[in-house]
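The values are calculated or read from the model by the stated rules, or taken from the named source; none is laboratory data. Predicted model only: the values in this text are computed from it and were never measured. Neighbour counts are summed over all protein chains in view; Cβ atoms, including those assigned to glycine, are modelled from backbone coordinates with ideal geometry.
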Amino acid sequence: MESNQNKPRYGMVIDLDRCNGCGNCTLACAVENNIPPAQPEENERTGITWMRVYKVDNDKPYPENRAVYLPLTCHQCDHHTPCESVCPQKAVEYDTETGIVAQIPVRCLGCRYCMTACPYHARYFNWWDPEWLKGMETTLNPDVSTRMRGVVEKCNFCHGRLQAARAKAAVEGRRAIADSEYIPACAESCPTKAIYFGNLADANSEVSQLAKDKYSFRLLEQLGTEPKVYFRSEQPWVHQKMDTKLSAAAKENAHG
Amino acid sequence: MNITRREILRFVGGSALGLLLTPIPWKALDDSAVWTQNWPWIPEPRRGDISFKLTTCSLCPAACGMRVRCVGNQPVSLSGIQTHPLSQGALCPMGIVAHHLRYHPARVSRPLRIIQKNGSSRSTAMTFDEALDDISFAMKDARVSSQTIAVVDGRPGRTASHLFRQFAAQVPYGRYISYSEVSLDVLGSMFEKPIGPLGYDLDHAQVIVSFGVPLCDCWGTPARTARYLGKKFEGKQKLLQIEAYRSRTSEMADRWIPIRPGTDAAFALGMAHVILKEKLSQAKSKDLSEFESIVSTFSPSVVAEVCGVSEDTIVETARVFSMSKPSVAVIDGLTNSREAQAAVMILNLLVGNVGWKGGVAVRREVPTGLADIKNTESINSNMYSIPDHSIRVMLIDESLSGCQLSDTLLQKKLAENGIVVSLSPFVTERPFCAQYVIPTPVFLESLTDLSSPHDSESSSMSISFPLVPSPTGVVDPIYFIQRLASAAGVVNIESGTMEELVKRRAGVLYGEKRGTVFNASTGQLSGVRNLLSTDDMWNALITGGCWIDSAEIVKSFPAFRLSAFLSKVDINKLQSGKNQLVLVPFIEKTVYSNSEISPLMSKVGQESGLRPFGCRAYLNPTTAEVIGIHEGCRIVLQTNKGSMEAEARYDASIMPGIVGVSNTTHPQNFIALCEMNDNAAICPTPVKIQKV
Amino acid sequence: MDKQYIARGVSRMSIKKFGLWMLPWSIMLILGAYAVYLCLIKGLNQTNMDNRFAFGLWIYLDLTVIALGAGAFFTGFLLYILKKKELKAVINSAVVIGFICYSGAVGVLMVDVGQPLRAWFTFWHPNVHSMLTEVTFCITCYLLVLAIEYVPVILKNRKIKQFSSMLVFEHELHKLIIVFAAVGTFLSFFHQGSLGGLYGVLIGRPFAFRPALGIWPTTFFLFIISAAAAGPCFILLTTALASKLSHKHLVTKEVYQMLGKISGSILIFYVLLKTIDTLIWINSTSPSLGFSAASFYKFSGFGTWIMFTEIVLCGLIPALILLNKKMRMHFAWLITAASLACVGIVINRFVMTIQTLALPTLPFDQFLSYVPSWQEVATFLAVLAYGMLVYSLSFRYLTLFPQERELESL
Amino acid sequence: MKFQFLWFLAGLCVMLFVGWVVFPYLLYERKEEPLQFSHKIHNETAGMSCENCHAFKDDGRFTGIPTLSKCRECHTDIIGTSPQEKKLVEEYVKQNREIPWLVYARQPQNTYFSHASHVKLANISCDHCHGPHGTTDSLRAYERNRISGYSRDIGGSSITGIKSASWDGMNMNDCADCHNKHNIPNTCLKCHK
């Protein structure tokens, strides 16, 4: 793999203390990426939600019970990307240009090996052919292709938007795009500004600053897959639940 | 010559070898794979020029600015306008997929007659004129039998609303009924003289005491949560959420006070008790003594018992509320009894924050530029003041979704021979009592002006401008009311299309030279004075802009009566549901109260379980284990009004002893189970649970 | 009436009886065919698999039958490479069973993937880092080899023998059989291994993940060895079953003994390695990924007893029985041990495929359950039925057990 | 013996003929364009340049084949004598119907292609991929692959896939080859959406 020097590595920081679980991100994502509405039989385990909001609580009884809403999407793992190495026919690819993990549904044969490999359950299979209500198919986004049954799909940080931004830059004779020109639908749609998006490779960017914050953490960091989605919360119980470095440190201090 | 079998075999063998030397196998293999990548039955996105248009969301009074991405002329996605002074780029879940509403399966494009026969309803299409004839006939009949003709308006303050009032003012026994934010109406009616439109000025409040209002879950303007969080983290605003279950709002709130459902009134009066006892109020009320006697029964100890909280909590809350200025108490108008609403509104009066910045704002009327209505007082009323079974013809304007009046209440007020005409883009379970449905345009097809959101300090006006043509057969509500007026004969009503009338209103606003105008395309806020022409104003308003009135502090108020709605209040009645399972609605009040939502909302319900979906009963694990119910099993909910089957779900965020029920598929079935308060809103209902 | 097709010197049940025996299996096959049709036409929503349980009954089936089918390559290996002449008695049967298992597995795989028409992409755009690529390549090639090994068995059919040219062809082919055996062995080693690798590489599933020896996770080697151990046992069982059903002596006791002995010695070796691997996993691999091994066994019904049953009850114990000459001589013990050994492998494959997916990884995940739909089960049973049909036909018309004639004539 | 061999040969030849001649003929369905268009007349007689119709928009998108509005700029009424123009004005411009062109170079929906980056940044000439069509006097028939549904221009004129020119064939390999030649990264997301 060529070196990623001065190439962007797009990532996210999600502030759990700001998320009110409204679901705008999920919906904006579905609109942007031509994800069809549910079939009647569809449920929480067969539905397609690239950006999915989970309610995570502290396992305490009422009234001590506390919860945060945790928007979970593809973590675009940087290192030993679990889904990439397992795909038998290169339908999954780590894009060295952007650090985005590409899923190409037209190459996919639907073996679902990548889904078993993904620790975040961020990959979704088309158990049905996509169906829109009459007329609704006219509202599809031309920058994203529709999928067919029997293939896997997942978040790619609204890559269609990146391509559009690049095209705009190209027409103006620019080879690179400014950070402000590209933002995924979920981040754009968040009414509480809980989702920060940007270039982690740029040490001065807001996201890389926030990622360094002591309250920021990553899910399943120990697996060593270097995910590019960070979470942030100042509530201690959240860190305990996700057993983050911070909570580990806290334990240390407690013991001695 | 005769061909032997062997020869044929050889021929076949040869052609088999030949086949391998031709492109057929490989090309067929390749192309068939390509075929699976472009299956003809999978819809393809349309190609076309991409453009962005600006308009304002009309789904609720929040009137958020919207940036509409279009392919050709087809809207394909919606996003907020960051610079918008009210919505600040935020949209709610319904708003962000509102462009799908046009394709909703329940959409109607022809007037319908609905015949109710033992439970099931059958609808038949009819022409607009037929519908008009039937309705005007019923009106004539009403005049003879001197029965009421009511126009029900869920979104007062619009140009259409003005025409409805004109109509009501001129037909015999006409009534104009509005129900925007009832809690504020309740407050208003405590004054002897009307003091003008009211609104909660949440932005400037230092302490907000919310009685179960989903402030952080799309209540009012969606930007609310972000604003609150900003202030909260700076320590500039406190939110005390008083609610039976740990809702999204109570998660975000500065403090959450869990109380037994249905005891909000008791808690509020308990606070009032403390405020009076500790002389924290300077309120001058005519009936203070009377009020004190009522409140005397609500001592913290008693209330603590009723609500299931500690005495200190009540005292503390009362102190915080009354000592920190400015502060405001908020309660949801549609799901609480008027007693409860009154009790909470009294708190605002006691600490005298009505008309204060950061309290309950008194706004100025937004001129319509249409002829004034003479006997306003006599026609304006709210549902409760209307005698039961007195309405012969009820016209309900549901052309804009938003908060809705309980069907049970409507039913109660309707005469035996009464008919309901629903002006609505959809026909569903919802207008179940309607005999006639007049199809109206839906968001992105309809032109309407929008009144001020009820959670901002000052009046404002914005316009939702159509970006796509509405289907043939669909009529604008005002066109209908104009035609009906002329058919009825007795009425002369403002003529002209919606666009003309709204444009006139914009002109009048421009003439008044007050307030500021936001121009979404430039992102500029500028005083109306600085605008060059009325056209500037109009163009700004129809492209996602808005007009905001300059706030003014009202100095003097007419006298008010605190005990207005509390005549029947009784601490013992409020104890109901204690020590037994009670049923409460577990539906996010705003999110699913809208008449119809995009099918794509399945993403946040059916497909992720983020929001209630289907028919489910949410129980605290401890409660569930006591009754012996495990997660996911089917149960029957039995109240003395009926029974319903549901799926049991554990939820530690809900108070033990409570069954939070959501029924997104058939809300009516659930409502049928519950007892109603005087507001015809669901109130906690004792329930028994059996396993299926 | 079909006498002229049945080999000389052996007697088979009447065609009527045979028909009756075939009927239920045929019905099962047709039912399965309908289920398959549903899955291919309507899509995989016909199954009870979902985004969290992306692999289900079918993958489990594939891993299991291929492990049991390993008898084919291993017996071939012993016979042609290590020159264990006694095994000539079962090699034909082994080949047929191998062929059934592998073709069945490949068939089910084609239903399991969402886009069968794109399956060949794996050959055109292979990702060499993927264990699944390795599996696909080896299995398809080995299926070819098995087919070729199957051909001479068919050609030996009494009727077909009459064509002189066929006989010649068969003879030529038979000369090459050793080459195929070698190739088959080589291929099998790889795909048995990579089937293990399939789960061993899943860093995202700490329950299944194992550190790599060279380029392959330890499960790669464990699967090869376990398959080698299970293969002969399965041959043993099927042979015993066949002779039970047909009331005939098909092979000499010595053959049973030998199969048992071989299996036993490999099994004990496997149990040893498996134990070491498990200990390493408990003490190092799993903790290093932030999961205590105990946390995987705290879910009701899926406690440590599974591990015990797999390794001790169905590993160590049968191994000891098989290695003990006295007990091995005792046919009942032999059968019991062989069955236990096979069960052990079946459990192992279950733990690897199903339990791995049921276990939570994210801190807020839950333990998931999965019940296959009737379509999945029907497809599963269809493979069984298909096996029964093919084996029955082969047993009736082909010489699967060369010793049968002498043994019966005694 | 020799005679028997002939049967084998016959089978072989028949199949080769079917595979190399009949099959390709059957595989493609020929469709005429809804309207004849002469690039020649437009740029020689009318003196228009390519950019008049095939231009970039500010958002970086390429117009491709212009919409009816472009034609309308000149052809509000019949200005020439050609029957095709008459057809244009009467059947499309007057009735305000878009012309359902069959686009030779139409890529499938799963493919993303930025003309901007290829033309503006890489300075690739149009005919490198589209061929010198600027001077043609008429539009050839559109050939649709009956199985895959693609235009024949995508797969290339020869069934073997061997290119006769740089613009003969526009499938993934053609893109990849060129990217490799100029070592432009070949990541999936470069060309897929």
Do we have any residue at all in the range A:154-174 that's crowded, with 24+ Cβ neighbours inside 10 Å, of a type outside the set (Lys, Arg) and farther than 27 Å from A:Lys7 by Cα? no
Under 23 Å from A:Glu234 (Cα atoms), within 7 Å of another protein chain (Cβ to nearest Cβ), in contact with a Leu (Cβ under 6 Å, 6 or more places away or on another chain) and of a type in the set (A, V, I, L, M): is that true of A:Val56 in this structure? yes
From the list B:Phe164, B:Phe137, exactly one residue is aromatic (Phe, Trp, Tyr), closer than 26 Å to B:Thr497 by Cα and without any contact (Cβ under 8 Å) to a residue 24 or more places away in the chain. Which is it? B:Phe137
Quick test of your reading of the structure: C:Ser130 fulfils all but one of (1) buried (at least 21 other Cβ atoms within 10 Å of the Cβ); (2) over 30 Å from C:Met49 (Cβ atoms). Name the failing condition by number. (2)
Tally up the residues in the range B:46-72 that are assigned to a loop (DSSP other than H, G, I, E, B) and more than 22 Å from B:Trp538 (Cα to Cα), please. 5
Given the condition buried (at least 20 other Cβ atoms within 10 Å of the Cβ) and not in a loop (DSSP other than H, G, I, E, B), answer yes or no: does some residue in the range B:121-128 qualify? no
What number of residues within the range A:222-256 are within 18 Å of A:Tyr54 (Cβ to Cβ) and not in a strand (DSSP E or B)? 11
The lone exception for B:Cys433 - which of (1) surrounded by fewer than 24 Cβ atoms within 10 Å (Cβ to Cβ); (2) at pLDDT 90 or above; (3) within 20 Å of the chain's Cα centre (by Cα) it fails: (2)
Scan the range C:107-127 and tell me whether some residue there is in contact with a helix residue (DSSP H, G or I) (Cβ under 7 Å, 6 or more places away or on another chain), touching a residue at least 40 places away in the same chain (Cβ under 8 Å), facing chain A (nearest Cβ under 9 Å) and not in a helix (DSSP H, G or I). yes
Entirely in the range A:93-198, the strands (runs of 3 or more DSSP E) that have 1 or more residues that are away from chain C (no Cβ under 14 Å): none
The conditions are (1) closer than 23 Å to A:Lys90 by Cβ; (2) modelled with pLDDT of 90 or more, and D:Ser125 fails exactly one of them. Which is it? (1)
Anything in the range A:4-40 that is touching a residue at least 40 places away in the same chain (Cβ under 8 Å), more than 22 Å from A:Gly160 (Cβ to Cβ) and small (Gly, Ala, Ser)? List them, or say none. A:Gly21
Within the range B:95-115, restricting to residues that are surrounded by 13 or more Cβ atoms within 10 Å (Cβ to Cβ) and in a strand (DSSP E or B), the one that is farthest from the other protein chains (Cβ to nearest Cβ) is B:Arg113
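A quick yes/no check of all residues on (1) within 14 Å of chain B (Cβ to nearest Cβ); (2) among the aliphatic types (A, V, I, L, M):
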{"position": "D:Met15", "(1), (2)": "yes, yes"}
{"position": "D:Pro24", "(1), (2)": "yes, no"}
{"position": "D:Ser49", "(1), (2)": "no, no"}
{"position": "D:Arg61", "(1), (2)": "yes, no"}
Tally, over the range A:71-105, of residues that are touching a helix residue (DSSP H, G or I) at 6+ places or on another chain (Cβ under 6 Å), surrounded by 24 or more Cβ atoms within 10 Å (Cβ to Cβ) and among the β-branched types (Val, Ile, Thr): 2
If I filter the range D:108-130 for residues that are under 30 Å from B:Thr36 (Cα atoms), in a loop (DSSP other than H, G, I, E, B) and within 11 Å of the chain's Cα centre (by Cα), do I get at least one hit? no
Whether any residue in the range B:44-56 is buried (at least 19 other Cβ atoms within 10 Å of the Cβ) and either aromatic (Phe, Trp, Tyr) or within 11 Å of chain D (Cβ to nearest Cβ) (or both) is what I want to check. yes
Number of positions in the range D:131-187 that are among the aromatic types (Phe, Trp, Tyr) and either over 30 Å from D:Asn43 (Cβ atoms) or in contact (Cβ under 8 Å) with a residue 60 or more places away in the chain (or both): 1
Quick one: count up the residues across the range B:636-692 that are of a type in the set (Phe, Trp, Tyr) and more than 14 Å from every other protein chain (Cβ to nearest Cβ). 1
Can you say whether C:Phe137 is assigned to a helix (DSSP H, G or I) and buried (at least 21 other Cβ atoms within 10 Å of the Cβ), as far as the supplied structure shows? no
In the range C:1-10, how many residues are loosely packed, with under 12 Cβ neighbours inside 10 Å and in contact (Cβ under 8 Å) with a residue 12 or more places away in the chain? 4
Matching residues, the range B:16-43, being in a helix (DSSP H, G or I), surrounded by 20 or more Cβ atoms within 10 Å (Cβ to Cβ) and within 7 Å of chain D (Cβ to nearest Cβ): B:Gly18, B:Ile24, B:Lys27, B:Val34, B:Gln37
The one condition C:Tyr397 fails out of (1) over 28 Å from C:Glu149 (Cβ atoms); (2) surrounded by fewer than 22 Cβ atoms within 10 Å (Cβ to Cβ) is (1)
Odd one out for B:Arg69, checked against (1) modelled with pLDDT under 95; (2) within 14 Å of chain D (Cβ to nearest Cβ): (1)
